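J.: If you scroll down you'll find the structure; I have some questions about it.
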Amino acid sequence: MNAESTQIGPQGESRRSFIRRTAALAAVASTPGILKMPVYGQNQAPSANVTGANNRIAVGYIGTGKQGMEHIRTQKKFAKENNITQAAACDLYAKHLAAAKSYLGLSDADGFADHRRLLERKDIDAVIISTVDNWHAQCSVDAVEAGKHVLCEKPMTRYLGEAWQVYDAVKKSGKVYVIGSQGCMDAKWHKAAEWIRSGKLGPLVWGQGSYCRNNPKNSEWTYPVDEEANEKNLDWYRWLGKAPKIPWNPEHYFSWHKYYAYNSGIIGNLLPHRFNPMMLATGNPEFPRRVVATGTRKVSTDRDITDTTHLLAEYPSGLTLVVAGSTVNEQGLPDVLRGRKATLLFASSQNRVELRPERIFTGEMDAEEFNDPTPAESIARLEKNFFDCIRSGQSPVANVELAIRAHTVLCMAEMSERLGLALFFDEKTRSLKTGDGRAVPPLSYDTVVPTLA
């Protein structure tokens, strides 16, 4: 029997494919942290207080609600491995702040109701921002201008204009910035980028993905009201920030994901989980050329935001990404990237990707499969990459260049969905236009948009 066809692997895997697959796994295992990604020009300098690999990083937490506490718990678990100290916390709801201080063993002097007071601390090297979306921009800009490194929960900001403010501030500061998209750490996306950059897929044609779920009683983003919360222990008008000023409304505070005043719903809070990694997987994340999106709100009618969204993003290279999201049906689209020569099929919730040649190119390449045993969607790995890059000066995986490119698409999608427009983006001027050349200002806190019917 020919040695090439000898069956040695699972499901009768050939020797050649077995060797290729195991070699790929070995390459990942030998690379500290994760497969290397291209640097898009962000040359971060280490913090003034973190001058070497052995120096401890002092971390402050801005926003200590549900997501903020998840970061706090994970970082406490791996504090020794990451060589960090959890030094301060900030939240404008006294109950949330008290819980964080108690969990971390902080004194009253280490707790703040105003993020600016936390940033005045000279001993703080880095901050984790887990606030309501409409505070992401201000907290991020204030932090890097105060000399702190930033890990900010997705989405990057509420609106596109302020995302560029964050981008410019980060680039000027030279600080490490990470967008909270833990899926970007999954090795399958990096292997895909490696295959694509090597030319195995040929020109990219189109891709698809989705983030869909379905909760009982149609309760997506409806959270119980904490009866202890009131204007005496919660700085309501500060929490509103640049959003419209309305009287104290517990429903808006605890279920803010349902309202456009504070977020873009599926587009900003679910689609980044899929969209950011897919852009990374292309090997050369681009700004979009054109974006079109539709959204409906026919099942979940107790909210401003849509319950089903479809996004179509066209890039200058010719690639088009189709991404869907729903909170009323969990059957989504498989994650796929298609090229002229081959197609990549990504496993759901696993670090596995299959390269499948197009029929007419099977004579010049074999099918390949990449498997990595590391669990997918690891917040701990994203945080480790953040701390490692603070010390090394390297560009993180989910860096500000990826963040601004993905966020431009997502903000354009919200505009297209709500305004009923097909929008074109000019990277040089950072401007938006319709197909007939009419300029369209990005949505902002001052924009009044009719509610979707």
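Where a number appears in this text, it was derived from the coordinates with a stated rule and is not lab data. Computed from a predicted model, the values in this text were never measured in an experiment. Because the Cβ atoms are built from the backbone with ideal geometry, glycine has one as well, and the counts that use them run over all protein chains shown.
J.: Describe numerically, in nm with one decimal, the distance between label points set 7 Å from Cα along Cα→Cβ at K172 and at R340.
T.: 4.3 nm
J.: Then there is this: Based on the Cα gyration tensor of segment 335-445, what are the three equivalent ellipsoid semi-axes, each the root of five times an eigenvalue, rounded to whole Å and given largest first?
T.: Value: 33, 25, 14 Å, ordered largest first.
J.: Work out from phi, with θ = phi - 60° and the Karplus expression 6.51 cos²θ - 1.76 cosθ + 1.60, the ³J(HN,Hα) of each residue of segment 172-187, listed in order in whole Hz, and give x for Gly and Pro.
T.: Calculated HN-Hα couplings, in order: 5, 6, x, 7, 6, 10, 10, 8, x, 10, 5, x, 5, 7, 5, 4 Hz.
J.: Hey, another quick one. Given the pairs K154/K200; K122/K154; K80/K200; K175/K258, which span a C-alpha to C-alpha distance of over 30 angstrom in this model?
T.: K154/K200; K80/K200; K175/K258
J.: Which of K76/K171; K66/K95; K76/K188 have a Cα-Cα distance over 18 Å?
T.: In this structure, K76/K171; K76/K188 exceed 18 Å between Cα atoms.
J.: Using θ = phi - 60° and the Karplus relation 6.51 cos²θ - 1.76 cosθ + 1.60, list the HN-Hα couplings for segment 242-251 in order, rounded to whole Hz, with x at every Gly or Pro.
T.: These are the phi-based 3J(HN,Hα) values: 8, 5, x, 7, 10, x, 3, 9, x, 4 Hz.
J.: Tell me the Rg and the Dmax, in Å, that the Cα atoms of the chain produce.
T.: Every Cα atom of the chain included, Rg and Dmax give 22.6, 81 Å.
J.: If you don't mind, there's one more thing I want to ask. Which aspartates and glutamates does K101 reach when only Cα atoms under 16 Å apart count, and residues fewer than 8 places away in its own chain are ignored?
T.: E70, D91, D110, D114
J.: Something else about it: Run down the aspartates and glutamates and flag those whose C-alpha is under 13 Å from the C-alpha of K148, throwing out any fewer than 8 positions away in its chain.
T.: Within the straight-line limit of under 13 Å, K148 reaches these aspartates and glutamates: E120, D123, D125.
J.: OK, next. Just to check I understand the Karplus step: with θ = phi - 60° and J = 6.51 cos²θ - 1.76 cosθ + 1.60, what whole-Hz values come out for segment 307-318, glycine and proline as x?
T.: Calculated HN-Hα couplings, in order: 9, 8, 9, 10, 10, 10, 10, 9, 10, x, 6, x Hz.
J.: Can you list, bin by bin at 5 Å, the percent of alpha carbon pairs in segment 57-182, starting at 0?
T.: Reading upward from the zero bin: 2, 12, 24, 26, 20, 11, 4, 1.
J.: Here's another thing I want to ask about it. In terms of Cα to Cα distance under 14 Å, which aspartates and glutamates are near enough to K191, apart from those fewer than 8 places away along the same chain?
T.: E354, E368, E369, D372
J.: Can you list the residues, at least 5 places off or on another chain, whose amide H is less than 5 Å from the amide H of G207, using H built in the peptide plane?
T.: Correct list: T320, L321, V322, R338.
J.: While we're looking at this one, here's another question. Let me make sure I get this right: for segment 179-275, a, b and c are the square roots of the gyration tensor eigenvalues over alpha carbons, sorted descending. Under 1.5 in a/c it's rounded, otherwise prolate if a/b > b/c, else oblate. Which is it?
T.: The shape class here is prolate.
J.: So, one more: Express the relative contact order of the chain as a whole percentage, based on alpha carbon pairs under 8 Å and six or more residues apart in sequence.
T.: 19 percent
J.: I'd like to compare 317-329, 218-230, 262-274: which one has the highest average count of other Cβ atoms within 10 Å, and what's the full order after that?
T.: Going by the mean number of other Cβ atoms within 10 Å, highest first, we get 262-274, 317-329, 218-230.
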